[in-house]
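Below you'll find the structure, written out as structure tokens, and then a few comments.
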Amino acid sequence: MCFRKDLFVILVLLLSSVLITAQNRMSPQERTKQLAEQLKLDEEQTQKVEEIFTRSQEKIMEIMQSGGMGDPSTREKVMEIREQSNKEIMSLLDDTQKEEFQKILEEQRNRMMQRMNRN
């Protein structure tokens with residue numbers, strides 16, 4: 001039983017570090033630029049998406065700086081922030097953009113699952 005708990009904690013830490021690394025790999029501005037190009041966002045959408053990405057990154061950094069790396073609920077908290085951000089972005093998009101954004105999110109999930117399976 002203790003082994004399972006230790007394994008779970010290690011898995012949470014690993015997933016958290018992967019998420020944080022991926023989040024920090026690109027700044028909110030870079031992420032916004034990439035998404036704006038992929039979805040053909042207008043100026044207003046682009047500005048709002050950047051605000052969403054910035055808030056999301058700030059919240060995640062707060063969790064990590066407050067000792068979240070050792071907390072088993074960290075991954076869950078980070079995923080909640082990401083899901084909320086995705087919902088906010090989705091609300092800004094037209095139907096065509098929503099469809100494309102869904103594809104982008106699915107590709108991200110698939111890449112994350114592949115990374116988890118390699119470890």
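Values quoted throughout were computed directly from the atomic coordinates according to the rules given, and no laboratory measurement underlies them. It should be emphasised that the depicted structure is a prediction, and the values quoted were computed from it without experimental measurement.
Points worth noting:
- If the chain linking residue 96 and residue 79 were pulled fully straight, counting 0.36 nm for each residue of separation and taking away their Cα-Cα distance, it would gain 3.6 nm.
- Extension gain, residue 65 back to residue 51 (0.36 nm per residue minus Cα-Cα distance, nm): 2.9 nm
- Straight-line cross-link partners of residue 77 among the aspartates and glutamates, defined as a Cα under 18 Å from its Cα and at least 8 positions apart when in the same chain: 58, 62, 88.
- Length gained on full extension, residue 42 to residue 118, computed as 0.36 nm times the residue gap minus the Cα-Cα distance: 23.5 nm.
- Set of lysines with alpha-carbon distance to residue 48 below 21 Å, sequence-local pairs under 8 removed: 33, 40, 59, 87, 98, 103
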